[in-house]
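Here's the structure we're looking at; comments come further down.
The values are calculated or read from the model by the stated rules, or taken from the named source; none is laboratory data. Note that this is a predicted model, so its numbers are computed, not measured. Glycine gets a Cβ as well: all are built from the backbone with ideal geometry, and neighbour counts include every protein chain shown.
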């Protein structure tokens, strides 16, 4: 049976275990120079974020656009400081109320107990639908780093 979480930070703690040093906030789990990648992001959405400040700006931008429900952690595979884990969440586009039922595979590399690189693999069609189509998705992120 998979573990369920209401907060992404709790899911990360469970997936990464003792490799991740304690932090006071979600952003505190990431190295200052973190590289966060979205290899399957559709056009108009960021494909890479460089640094904790860029991640913070991204989280502020996405927060009002999607509502997230419970997250479910699946399989976790670790090799040294790299951890690969599966998780899923249910949610909806904030404006459209279209479903955001997403499955993820995340590849996370830690350095000194902080997340140094995070590759987030997910279905871009689910994002586009939740935002109301490709144009709406791109408009939601206009001006964001790509």
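What the table shows:
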item	result
Matching residues, the range 89-103, being without any contact (Cβ under 8 Å) to a residue 24 or more places away in the chain, surrounded by fewer than 16 Cβ atoms within 10 Å (Cβ to Cβ) and part of a strand (DSSP E or B)	90, 103
Which numbered condition residue 126 fails, given (1) surrounded by 18 or more Cβ atoms within 10 Å (Cβ to Cβ); (2) outside any strand (DSSP E or B); (3) touching a strand residue (DSSP E or B) at 6+ places or on another chain (Cβ under 6 Å)	(1)
Residue match in the range 4-14 (condition: touching a residue at least 24 places away in the same chain (Cβ under 8 Å), within 12 Å of the chain's Cα centre (by Cα), crowded, with 17+ Cβ neighbours inside 10 Å and within 25 Å of residue 140 (Cα to Cα))	no
Output for the range 62-71, where each listed residue is surrounded by 16 or more Cβ atoms within 10 Å (Cβ to Cβ) and over 13 Å from the mean Cα position of the chain (by Cα)	65
Residue 85 being modelled with pLDDT under 95, surrounded by 16 or more Cβ atoms within 10 Å (Cβ to Cβ) and part of a strand (DSSP E or B)	no
Residues of the range 38-57 satisfying the condition of being crowded, with 18+ Cβ neighbours inside 10 Å and either in contact with a strand residue (DSSP E or B) (Cβ under 8 Å, 6 or more places away or on another chain) or free of Cβ contacts under 8 Å to residues at least 12 places away in the same chain (or both)	38, 49, 52, 55
Where a residue in the range 73-85 is within 13 Å of residue 111 (Cα to Cα) and its partner, wherever it lies, is modelled with pLDDT of 95 or more and not in a strand (DSSP E or B), with Cβ under 6 Å and at least six apart	83/16
In the range 58-79, the residues that are outside any strand (DSSP E or B) and out of contact with any strand residue (DSSP E or B) (no Cβ under 9 Å at 6 or more places or on another chain)	59, 60, 61, 62, 63, 64
